[in-house]
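The values are calculated or read from the model by the stated rules, or taken from the named source; none is laboratory data. All values reported here derive from a predicted model rather than from experimental measurement. Please note: Cβ atoms are built from the backbone with ideal geometry, for glycine as well, and neighbour counts cover all protein chains shown.
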Amino acid sequence: MPEQYKRVVIKLSGEALAGEAGFGLAPKVVKSVAAQIKDVVDLGVEVALVVGGGNIWRGKIGAEMGMERANADYMGMLATVMNALALQDSLENLGVPTRVQSSIVMTQVAEPYIRRKAVRHLEKKRVVIFAAGTGNPYFSTDTTASLRAAEIGADVILMAKNNVDGVYSADPQVDENAVKYEELTYLDVIQKGLQVMDSTASTLCMDNDIDLVVFSLLEDGNIKRAVMGEKIGTTVHK
């Protein structure tokens, strides 16, 4: 079996936390995710989380309202803070020590993002949840995951999806002929225009030699399997 990863960034979409409702937070899903993360922490792995905000706010809604892009993006960042606090609470209910670090300063609810402090928390086996994206509009939470992974020296980004179990040549829910890839390079992803992560995030991972594993969140225990190096989903590497 491949070697277990030592320090990981887990990227969760906001939609994944909404369950079948597609909006808001599904308590069962949040608790299940927290339990899976606890299993990984119990292995001695250092875990950081980046969570999206699409279950609360979507940029396209802002576009339909005629909202300025930067304002819509800031609203999305605030949505990620709400999700981060929900995950923090669920994890701490299971006895897992956590810290939320926000790229937008809001000291009443979260620490400001400080790279050296984040690394120290990880070394002390605390789960660090990175909230509010990069703190800048025009950047996705995929880019946040890539950036933070590079900054903290993570071995891999584990991208847990709620609608697919890997990377396909086309949308498998629309095209029945879509082919699932087991391995890809970042150049493949960019050249084929595969919808894995946006091009900024892909380039950042490629330039910093960070592996990416895309897998299904819906199957219980998959986060642990990915951390253990089992072949699940799709692996993207340099």
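Quick notes
- Candidate set from the stretch 95-122 (those that are within 17 Å of the chain's Cα centre (by Cα) and free of Cβ contacts under 8 Å to residues at least 60 places away in the same chain); member that is nearest to L43 (Cα to Cα): T98
- Extreme residue, surrounded by the most Cβ atoms within 10 Å (Cβ to Cβ), among residues of the stretch 160-186 that are among the acidic types (D, E) and assigned to a loop (DSSP other than H, G, I, E, B): D165
- One residue alone among A149, A131 is under 15 Å from the mean Cα position of the chain (by Cα) and under 19 Å from V33 (Cα atoms), and that residue is A131.
- So A150, is it in contact with a Cys (Cβ under 9 Å, 6 or more places away or on another chain), more than 20 Å from N55 (Cβ to Cβ) and not β-branched (V, I, T): yes
- Qualifying residue in the stretch 134-141 (condition: of a type in the set (S, T, N, Q), touching a residue at least 40 places away in the same chain (Cβ under 8 Å) and touching a Leu at 6+ places or on another chain (Cβ under 7 Å)): no
Residue by residue, here is whether (1) β-branched (V, I, T); (2) under 18 Å from N222 (Cβ atoms) holds:
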{"position": "Y5", "(1), (2)": "no, yes"}
{"position": "G44", "(1), (2)": "no, no"}
{"position": "V47", "(1), (2)": "yes, yes"}
{"position": "W57", "(1), (2)": "no, no"}
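- Test: residue in the stretch 58-71 that is more than 19 Å from A21 (Cβ to Cβ) and in contact with a Pro (Cβ under 7 Å, 6 or more places away or on another chain): yes
- Of the helices (runs of 4 or more DSSP H) that lie entirely inside the stretch 48-152, those containing 2 or more residues that are in contact with a Gly (Cβ under 6 Å, 6 or more places away or on another chain) and buried (at least 18 other Cβ atoms within 10 Å of the Cβ) span 69-93, 141-152.
- Near pairs, Cβ below 7 angstrom, 6+ apart or cross-chain, from the stretch 198-211 (at negative phi and touching a residue at least 60 places away in the same chain (Cβ under 8 Å)) to any residue that is aliphatic (A, V, I, L, M) and part of a strand (DSSP E or B): I210/V156; I210/I157
- Residues satisfying the stated conditions in the stretch 191-228, i.e. within 22 Å of E151 (Cα to Cα), of a type outside the set (A, V, I, L, M) and modelled with pLDDT of 90 or more: T200, S202, T203, C205, D207, N208, D209, D211
- Count of residues meeting criterion [out of contact with any strand residue (DSSP E or B) (no Cβ under 9 Å at 6 or more places or on another chain) and of a type in the set (D, E, K, R)] in the stretch 193-230: 6
- Restricting attention to the stretch 23-47 and to residues that are without any contact (Cβ under 8 Å) to a residue 24 or more places away in the chain and assigned to a loop (DSSP other than H, G, I, E, B), the residue that is nearest to V128 (Cα to Cα) turns out to be D42.
- Condition check for E20: exposed (fewer than 13 other Cβ atoms within 10 Å of the Cβ) and assigned to a loop (DSSP other than H, G, I, E, B): no
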